[in-house]
Amino acid sequence: SVGAAADWCDDPIDTAYSPLGMRCPIGGQIRERNELAYWVHTLAQHAGVYLDVRGGNAIFVPDKPRSSTHTVTAASMVEGTERLRRRPAGGTPELVTINYLSPTGLQWSAQYGTSGGSGTETTLSMPFWDNRYAAGRKAIEVYNKSQHEIESLEFIGWDDGLEHTLGDVGTVTHAGLGLSAAEMALMENEPVERGRWRRKYAPHDDADYPDS
């Protein structure tokens, strides 16, 4: 919900550095026309939430540490639809840069990692942030998530998966894929035909989310 997302963003974890110290302080002005969907996605990116669109409603689900709520096994998947993606050699970012705006409108950057290696560099723009601590945490989070050997798991599943929402964490076990109680978060859940849903999971680790 929007309320849960707001509480997550307003979590005061930086009070030692600033009076408010919120996790994701969002501010700024919209100075150009664009589709509503564009601004909803932009807000979701800055708030650090999954965007679960159902009909005419956009549900914000905080992307945060959480416990596993369900299990996924080979029986949860339509046989032959499993696709496990691993990161290619050299495809792991070594440096993450978050661009944001200073209170006076100047572009500043927060970085995490190293440069000059064989890996790639990732740059994200957060123009509605003016807090270097929030930008620094985002850089660490993006870097940490990119270090997992597995990138994603996709498969066609059954209707029973509808009880799970985006962001829910499950333990995935599939001998054929080499997975044993691997914690993964539900990223996408889209209908493909009657009684069949395409689901996408990504590795989840509470340690990926910095609190300082």
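Expressed in units of 2.2 N^0.38 Å, where N is the residue count, the Cα radius of gyration of segment 29-68 is 1.36. Scaled against 2.2 N^0.38 Å for its residue count N, the alpha carbon radius of gyration of the chain is 1.10. Residues of segment 167-189 with an amide N closer than 14 Å to a point placed 7 Å from the Cα of residue 81 along the Cα-to-Cβ direction: 188-189.
Take every DSSP beta bridge whose two residues both sit in the chain; close to 75 percent of them are antiparallel.
Between residue 38 and residue 67, the distance separating the two model label sites (each 7 Å from Cα on the Cα→Cβ line) works out to 4.3 nm. Of all alpha-carbon pairs in segment 76-186, indicate the percentage at a distance above 20 angstrom. Beyond 20 Å sits 55 percent of the P(r) for segment 76-186. Accessible area per residue (1.4 Å probe, heavy atoms of protein chains only) ranks 171, 71 as 71, 171, with the largest value leading.
With the cut-off at under 14 Å, measuring from each backbone N in segment 84-117 to a point 7 Å along the Cα-to-Cβ line of residue 151 picks out 84-93. When the Cα atoms of segment 139-196 are aligned to their principal axes, the ranges along those axes come out at 40, 28, 17 Å in descending order.
Taking loop as defined by DSSP and a crowding limit of 13 other beta carbons within 10 Å, which GluC sites (Glu not before Pro) in segment 74-157 fit?
Working: sites: 79, 82, 94, 121, 141, 149, 151, 154; in loops: 79, 82, 149.
Of the GluC sites (Glu not before Pro), the ones in loops of segment 74-157 whose Cβ has at most 13 other Cβ atoms within 10 Å are 79, 149.
Candidates 184, 152, 34 compared by Cα position along the dipole of the chain: farthest toward the positive end lies 34, with charges placed on Cβ.
The values are calculated or read from the model by the stated rules, or taken from the named source; none is laboratory data. Since the structure is predicted, the reported quantities are computational estimates derived from the model, not experimental observations. Neighbour counts run over all protein chains shown; Cβ positions are idealised from the backbone, glycine included. Ligands, DNA and RNA are stripped out before the accessible areas are found, and what is left, the full protein with its side chains, is counted by its heavy atoms. Shrake-Rupley method; radii C 1.70, N 1.55, O 1.52, S 1.80 Å.
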